[in-house]
Every structure is written in C-alpha cells, then in structure tokens.
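The values are calculated or read from the model by the stated rules, or taken from the named source; none is laboratory data. This one's a predicted model, so the numbers in the text were calculated from it and none came from an experiment. Here the Cβ positions follow ideal geometry from the backbone for every residue, glycine too, while neighbour counts run over all protein chains shown. Accessible surface areas use protein heavy atoms only, side chains included; no ligands, DNA or RNA. Shrake-Rupley method; radii C 1.70, N 1.55, O 1.52, S 1.80 Å.
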Amino acid sequence: MIGNDWDNILKLIWESEGFKKFLNIVNNEYKIKTIFPPKNYVFNALKLTPYSKVKVVIVGQDPYHGVGEAHGLSFSVQDGIKIPPSLKNIYKELNDDLGIQAPNSGNLTKWAEQGVLLLNAVLTVEKDKPASHKDLGWERLTDYIIKEINLKEEPVVFILWGKFAKEKKKYITNPIHYVIESAHPSPFSASYGFFGSRPFSKTNAFLESRDIEPIDWNLTK
C-alpha cells in the first residue's frame with residue numbers, strides 16, 4: 001500500500017475485511033464522482049513520512065476540495081495553486097515566531113520529508129463539498145495511526161489546531177510526547193489563540209531538548 005514501514009505497522013488494517021470493504025466504497029466514489037486528492041496521492045503523508053521518521057504530527061480535518069489543490073498533505077497545496085487562507089495564517093505565524101518569510105508556494109512537502117506527518121483525519125473529499133467524506137470511515141484508520149505513533153519510544157510533538165484536531169488528544173497518552181494545542185489557523189478563529197501560539201519554536205525547543213534534530217521550517221531555500 002505505502003511502500004515503507006507503515007505497511008508493517010498497519011498490516012492488521014490493510015488485511016482486515018472491514019478495510020477492504022471500505023476501500024471498495026472509496027474506489028467506487030472515484031468512479032462516479034470527482035474526488036480529491038487524485039487517487040495516487042491519498043496516502044501521500046504516509047509515503048513521505050515513514051513511521052520511523054515521524055518527529056511531529058500536524059492534524060488537519062480533510063483535503064481541500066478545489067481543483068488541483070489537495071495532494072495528500074494536511075494544509076498543503078500543490079505548486080502553482082493559490083495559497084489558501086489557513087495556510088497564509090500558518091505562514092504569518094511562522095514569520096512572527098521564527099522570522100521566516102512566507103514562500104510563494106503552499107507546498108509543504110519539505111516539512112513532510114523531515115519527519116512532519118501532515119495527516120488529515122479524513123483522506124478524501126468530493127469536489128466542492130467540504131467534509132463530504134467525514135463519516136465515510138477514514139477516521140478509524142487515522143485514529144489507529146495516532147495510536148500507533150503514541151506507542152513510539154522516541155518523543156513526538158503533536159500539533160493540534162482547532163476543535164477537530166484536539167479530539168485526537170485522547171489517543172496521545174504516552175508522557176514522553178509533547179502536545180501543542182491552539183485555535184485553528186482559519187481566518188474565522190486564528191485571532192482566538194492561534195496567532196501568538198509559537199508552535200514552530202516550541203516544537204524545535206522540545207526536539208532539541210531531547211537531542212533530536214529540529215525541523216527546518218524555512219520553505220524558501
């Protein structure tokens with residue numbers, strides 16, 4: 001499915017009859033509707049960030065629902081696509097926090113390749129219909145992923161923005177991990193605790209305190 005250590009971690013899921021039936025439902029959605037991201041990008045977060053490399057988890061809700069936007073990473077859009085409002089606010093906080101200038105692209109692949117798992121709770125969406133796959137069944141897989149990361153013996157930073165992401169906190173019970181919570185970066189809520197939360201410097205300070213290489217958040221290099 002993935003092509004790295006996630007396949008072993010998620011073997012019970014991949015081989016379960018329930019997941020196979022669910023995947024048939026998803027595949028049928030692709031046949032009869034316009035679904036994002038493109039099918040080969042659905043598991044992009046897991047492909048780019050192997051289990052053994054996970055240092056940070058940023059939980060999103062579901063993929064962007066516009067043409068050409070989603071490519072399997074939470075909050076990220078493909079090169080050449082207009083930067084969405086929530087990501088603009090993430091870039092603003094990044095600048096306020098670490099003095100890093102906002103890039104021209106909304107592609108966060110560089111973060112993923114350094115160990116930032118950009119995981120949406122729901123991995124597909126119907127065109128122009130946000131949250132349309134919310135109750136399709138993806139949450140059972142992504143909850144399981146969070147639980148498996150919780151079992152890691154190396155410390156991980158979980159960044160939970162907004163109510164939806166904070167619901168995952170109940171699966172983060174291992175005291176070696178570090179949870180950063182704030183309001184969502186959406187324009188509707190960013191002024192209520194996201195701005196000024198300094199998640200990027202807090203993440204790196206924690207990683208360095210555990211002798212783990214910090215994340216280079218600069219996307220303009």
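Under 14 Å from the Cβ of residue 23, count the other residues' Cβ atoms, weight Lys and Arg +1, Asp and Glu -1, and hand me the total. Show your work: numbers first, answer last.
Numbers: positive: 20, 21, 31, 39, 140; negative: 15, 17, 29.
Spelling it out: positives minus negatives among the neighbours equals +2.
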If you stretched the chain out fully between residue 14 and residue 166, how much longer would it get, using 0.36 nm times the residue separation minus the C-alpha to C-alpha distance? 52.1 nm
Using +1 at the C-beta of Lys and Arg and -1 at the C-beta of Asp and Glu, which of 105, 89, 66 has the Cα lying farthest in the positive direction of the dipole of region 63-108? 66
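What's the local net charge at residue 116, with K and R +1, D and E -1, over the other residues with C-beta under 10 Å away?
On the way: positive: 53, 55, 110; negative: 113.
Counting the neighbours of residue 116, the net charge comes to +2.
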Helix-only mean residue ellipticity at 222 nm, the chain, DSSP H runs n ≥ 4 weighted -39,500 (n - 2.57), per residue, nearest 500. What is it? -9500 deg cm²/dmol
With +1 on each Lys and Arg Cβ and -1 on each Asp and Glu Cβ, how big is the dipole of region 145-193 about its Cα centre, in debye rounded to the nearest 20? 200 debye
Quote the convex hull volume per residue of region 122-221, based on C-alpha atoms, as a whole number of Å³. 143 Å³
Percent of all Cα-Cα pairs per 10 Å bin for region 34-124, counting from 0 up to the last occupied bin, reads 18, 51, 28, 3
Per-peptide average of other Cβ atoms within 10 Å, ordering 56-68, 21-33 highest first: 56-68, 21-33
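With 21 Å as the limit, write out which pairs from 31/163; 11/147; 55/147; 11/53; 82/134; 134/169 have Cα-Cα distances beyond it, or answer none. If you can, show how the numbers build up before the last one.
Values: 31/163 32 Å; 11/147 14 Å; 55/147 15 Å; 11/53 18 Å; 82/134 25 Å; 134/169 18 Å.
Exceeds cut-off: 31/163; 82/134.
How much FRET efficiency would the formula 1/(1 + (r/R0)^6) give for residue 82 and residue 174, where r is the Cβ-Cβ distance and R0 is 30 Å, rounded to 0.05? Display every interim value, and only then the final one.
Values: r = 39 Å, r/R0 = 1.29.
So, using R0 = 30 Å, E works out to roughly 0.20.
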Two-decimal Rg to Rh for region 96-154 - Kirkwood Rh, Cα set: 1.07
Run the Debye formula on the Cα coordinates of the chain, all scatterers equal and no solvent, and tell me log10 I(q)/I(0) at q = 0.07 1/Å. -0.20
Along Cα→Cβ, 7 Å out, is where each label goes; now give me the distance between the ones at residue 5 and residue 134 in nm to one decimal. 3.5 nm
Would you please name the chymotrypsin sites (Phe, Trp or Tyr not before Pro) within region 115-204 that are DSSP coil residues with at most 14 other C-beta atoms within 10 Å of their C-beta? 188
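Where only protein heavy atoms count, and the probe is 1.4 Å, what is the accessible area per residue for region 94-221 in Å²?
On the way: 6080 Å² over 128 residues.
I get 48 Å² per residue for region 94-221.
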